[in-house]
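Undergrad: Structure provided below as C-alpha cells; questions to follow.
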Amino acid sequence: MDKRLPQTGLDIATLLAEPYHAAGGIAAAVPPIVQTSLFTFDDYAAFEARMSGRSDSPIYTRVQNPTVSAFEEMMARAEGAEEGIGFASGMAAISGTLLSLLAPGDRIACITHVYSDTFRLIETHLKPCGVEVTYHDPEAFETDPDLLKGARLAYLESPGSMMMRTLDLDRVAEHARRHGALTVIDNTWATPVLQTPIAHGIDVSLQSASKYIGGHSDTVAGIVCTSAEIAARIRAHALTLFGGKLAPFEAFLLTRGLRTLSARIAQHQRAADLFVDRFVSRPEVRAVHAPGQGGTLKGRSGLMSIEFDETVDIPRFADALRLFRLGVSWGGFESLVLPASVGLAQAADPNPMRHFGVPERLVRLSLGLEEPEDLWADFCTALDAARV
Ligand code: PLP
C-alpha cells in the first residue's frame, strides 16, 4: 500500500517518526508535558500585545497549551490540514464542530448508520434547537447531485463503524461545493494512515483519538483537522465557550501513540486480511463487511463486522472466545467483539441500531495486535462451540 502523503512526498510512517523540535527551546525529542493552567507575562506591553492579537503565545490551557499544540500540529500534518484542534473526547470534537458550524434553521444531511452517540446528539440536541436533519445512504450522497441543495453541512462517515459502508469522497465533496455545503467526516476507522479526506476536498476530518491514534486503550480524546478559517470558528466556540479541551497529559500519550500508528495499522491489517481470506471456509459467516484498498482508502484497518447464519448461538459464541474480550470500543491493542444484539437491547432512546435496521445477527470484530493465527484459531474454536 502506498501511504505517501501528497503534500510532503514522505510516507506517513516517516512523517510521524520525526522528532519534536521546540522553537528556541531545549532539544527534547518528545514534547514535554506542560502541566499548567496559566501562562503569565513579563510586562504590560507583552500582555496587551497578546490580548489584542498581536502575539500568539499561550494565555490559558483551555484554549492553548504547548503539549496539546505539538499533538495538533502532528495530526494536521498527517491529515494534510492547515490546523488541528485537540478535544477531551471524540464526542467533544463532534459536538464542538457541529454546534460551532450550525445555527437554527440550517439543514444537516447525515449519513445513515452514523455512530450511535452522534445520532443521539443530533436527535436530542440539534433537532430541538431548530436544526433540520435528513438521513441518507452513501449511494444517495454520491448519485444525487442535488441532495445537498439548501443543506448547510453534510455529516459523513466512511467507512462507518458498524456496517463499514464507504463513500466516494471526491464526488460528495464536489456536490457539496456546488451547493455551498460544508463537509465533515468522521475518519476514525481509517486514520490518516489509510485515508486523508482533506486531499479529496472534504472540509473537516475529525476522529475519536481514543481508538487507533491513542492505540493503547488508556486515553479518551478527539481531534479535528481543517482549514485555518474553519478552525478559528471551532476554537472560538468549542474551546473558548464549551470548554471541551484536551489535557496536556492525554496529548502526550496521543503523540506517543502517533509514533507507532503506521506500524500498528499494518499489523491490524495483517489480521484483518487473514480473517477476510478465511471467512469463506466458515459457511456460518453469511456476510462480511470489511472494506479494503480502493477509492480513497489505502488499506484495511482492524474493524469489521460479519453476519452469522441461524446455526450460530451468538451469546454462546461470545462466551466461548478466549482472546477476544467483549466491549464497546475498538482500535486498541486488544481484540474485541460487539454483538449487534447487545446494541439493539440497549435501553437508550433514540437507538440508532433500531432506527437504521442494523441486522440482529451482526457481530462487530475489532482485531488487535495479537498474532493473527492465534486470533483465527480462537474465533474458529468459539464458532465450533456455538453451533445450535
Ligand atoms: N466516532 C466513532 C466512529 C466512534 O466509534 C466513537 C466512539 O466509540 C466516537 C466517534 C466517539 O469518540 P469518544 O469515545 O472518544 O468520545
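Undergrad: Within segment 76-83, is even one residue assigned by TED's automatic domain parsing to the domain that holds I202, within 16 Å of the ligand (Cβ to nearest atom), within 15 Å of I213 (Cβ to Cβ) and not small (G, A, S)?
TA: Within segment 76-83, one or more residues are assigned by TED's automatic domain parsing to the domain that holds I202, within 16 Å of the ligand (Cβ to nearest atom), within 15 Å of I213 (Cβ to Cβ) and not small (G, A, S).
Undergrad: Determine which member of the set T166, T112 is buried (at least 17 other Cβ atoms within 10 Å of the Cβ), of a type in the set (V, I, T), under 17 Å from I202 (Cα atoms) and away from the ligand (no atom under 13 Å from the Cβ).
TA: Details: T112 fails: under 17 Å from I202 (Cα atoms).
So the residue among T166, T112 that is buried (at least 17 other Cβ atoms within 10 Å of the Cβ), of a type in the set (V, I, T), under 17 Å from I202 (Cα atoms) and away from the ligand (no atom under 13 Å from the Cβ) is T166.
Undergrad: Return a yes/no flag: does segment 230-241 have any residue that is within 14 Å of the ligand (Cβ to nearest atom) and under 16 Å from the mean Cα position of the chain (by Cα). Give the steps one after another, and end with the answer.
TA: Within segment 230-241, the subset within 14 Å of the ligand (Cβ to nearest atom) is 238.
Those still in the list that are under 16 Å from the mean Cα position of the chain (by Cα) too: none.
No, segment 230-241 contains no residue that is within 14 Å of the ligand (Cβ to nearest atom) and under 16 Å from the mean Cα position of the chain (by Cα).
Undergrad: Return yes or no: is P291 in a loop (DSSP other than H, G, I, E, B) and buried (at least 18 other Cβ atoms within 10 Å of the Cβ)?
TA: yes
Undergrad: Here's something else I'd like to know. Does any residue in segment 204-223 that is farther than 18 Å from L182 by Cβ come within less than 8 Å, Cβ to Cβ, of a residue that is more than 9 Å from the ligand (Cβ to nearest atom) and among the basic types (K, R) six or more places away or on a different chain, and which pairs are these?
TA: So the pair list comes out as Y212/R264; G215/R264.
Undergrad: Looking only at residues in segment 306-332 that are farther than 19 Å from R264 by Cα and assigned to a loop (DSSP other than H, G, I, E, B), which one is nearest to the ligand (Cβ to nearest atom)?
TA: Among those residues, the one meeting the criterion is V328.
Undergrad: I've got another one for you. Which pairs turn up if I take residues in segment 265-294 that are within 23 Å of G214 (Cα to Cα) and look for partners that are part of a helix (DSSP H, G or I) with beta carbon separation below 7 Å, at least 6 apart in sequence or on another chain?
TA: Matching pairs, first to second residue: I265/T191; I265/V193; I265/L194; R270/P372; A271/P372; A271/L375; A290/A272; A290/V276.
Undergrad: Okay, moving on. May I ask you to list the residues in segment 330-349 that are within 22 Å of the chain's Cα centre (by Cα) and either of a type in the set (A, V, I, L, M) or closer than 15 Å to V114 by Cα (or both)?
TA: So in segment 330-349, the residues within 22 Å of the chain's Cα centre (by Cα) come out as 330-340, 343.
Residues satisfying the conditions are L336, V337, L338, A340, G343.
Undergrad: For segment 152-163, which positions are farther than 16 Å from V184 by Cβ and within 11 Å of the ligand (Cβ to nearest atom)?
TA: Taking segment 152-163 and keeping what is farther than 16 Å from V184 by Cβ, we get 162-163.
Within segment 152-163, M162 is the sole residue that qualifies.
Undergrad: Given the options R300, R235, R278, name the one that is surrounded by 15 or more Cβ atoms within 10 Å (Cβ to Cβ) and over 30 Å from P58 (Cα atoms). Give the derivation first.
TA: Values: R235 fails: over 30 Å from P58 (Cα atoms); R278 fails: surrounded by 15 or more Cβ atoms within 10 Å (Cβ to Cβ).
The match here is R300.
Undergrad: While we're here: E139 - would you say it is part of a helix (DSSP H, G or I), within 16 Å of the ligand (Cβ to nearest atom) and of a type outside the set (S, T, N, Q)? Quick ask: steps written out before the conclusion?
TA: Details: part of a helix (DSSP H, G or I): yes; within 16 Å of the ligand (Cβ to nearest atom): no; of a type outside the set (S, T, N, Q): yes.
When the stated conditions are applied, E139 does not pass them.
The values are calculated or read from the model by the stated rules, or taken from the named source; none is laboratory data. In this text, all values refer to a predicted model and were calculated from it rather than measured experimentally. No Cβ is skipped: glycine too gets one built from the backbone with ideal geometry, and neighbour counts run over all protein chains shown.
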